[in-house]
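**Student:** Shown below is the structure under consideration.
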Amino acid sequence: MKSNPTIAYHTLGCKLNFSETSALNRLFNEEGYEKKSFQEDADVYVINTCSVTENADKECRQLIRRVKNKT
């Protein structure tokens, strides 16, 4: 039996970012993706952020490196 693809989300920033992530989750869910915790292994990782501050940029780069090192 083939399992559904998995997806994990991490959202940084304002309420709009969280709303966008929620909308993405609904769309992927309709396509059969199973949501995982960002700390778990997943087929797809979505990092939704904006670059308003240097700290946000730094945190985003750290998340990307963490995901990249999993593969």
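The values are calculated or read from the model by the stated rules, or taken from the named source; none is laboratory data. Computed from a predicted model, the values in this text were never measured in an experiment. Glycine gets a Cβ as well: all are built from the backbone with ideal geometry, and neighbour counts include every protein chain shown.
**Student:** Restricting the range 34-71 to residues that are in contact with a Leu (Cβ under 9 Å, 6 or more places away or on another chain) and not in a helix (DSSP H, G or I), which is nearest to I7 (Cα to Cα)?
**Tutor:** Only one residue fits best here, namely Y45.
**Student:** Restricting attention to the range 1-38, which residues are more than 20 Å from T53 (Cβ to Cβ) and β-branched (V, I, T)?
**Tutor:** T6, I7
**Student:** Continuing with the same structure: Within the range 17-60, restricting attention to residues that are exposed (fewer than 15 other Cβ atoms within 10 Å of the Cβ) and among the hydroxyl-bearing types (S, T, Y), which residue is farthest from the chain's Cα centre (by Cα)?
**Tutor:** Within the range 17-60, the match that is farthest from the chain's Cα centre (by Cα) is T53.
**Student:** Still on this structure: So, L63, is that one within 11 Å of the chain's Cα centre (by Cα), touching a residue at least 40 places away in the same chain (Cβ under 8 Å) and surrounded by 13 or more Cβ atoms within 10 Å (Cβ to Cβ) or not?
**Tutor:** On the way: within 11 Å of the chain's Cα centre (by Cα): yes; touching a residue at least 40 places away in the same chain (Cβ under 8 Å): yes; surrounded by 13 or more Cβ atoms within 10 Å (Cβ to Cβ): yes.
Considered against the rule, which asks whether it is within 11 Å of the chain's Cα centre (by Cα), touching a residue at least 40 places away in the same chain (Cβ under 8 Å) and surrounded by 13 or more Cβ atoms within 10 Å (Cβ to Cβ), L63 comes out as yes.
**Student:** Name the pairs: first residue in the range 1-24 and without any contact (Cβ under 8 Å) to a residue 60 or more places away in the chain, second residue charged (D, E, K, R) and assigned to a strand (DSSP E or B), Cβ to Cβ under 7 Å, at least 6 apart or on different chains?
**Tutor:** If the second residue must be charged (D, E, K, R) and assigned to a strand (DSSP E or B), the pairs left are N4/E34; T6/E34; T6/K36; I7/K35; I7/K36; A8/K36.
**Student:** Can I ask one more? Out of S22, S3, I need the residue that is small (G, A, S) and modelled with pLDDT under 95. Which one?
**Tutor:** Sole residue among the options that is small (G, A, S) and modelled with pLDDT under 95: S3.
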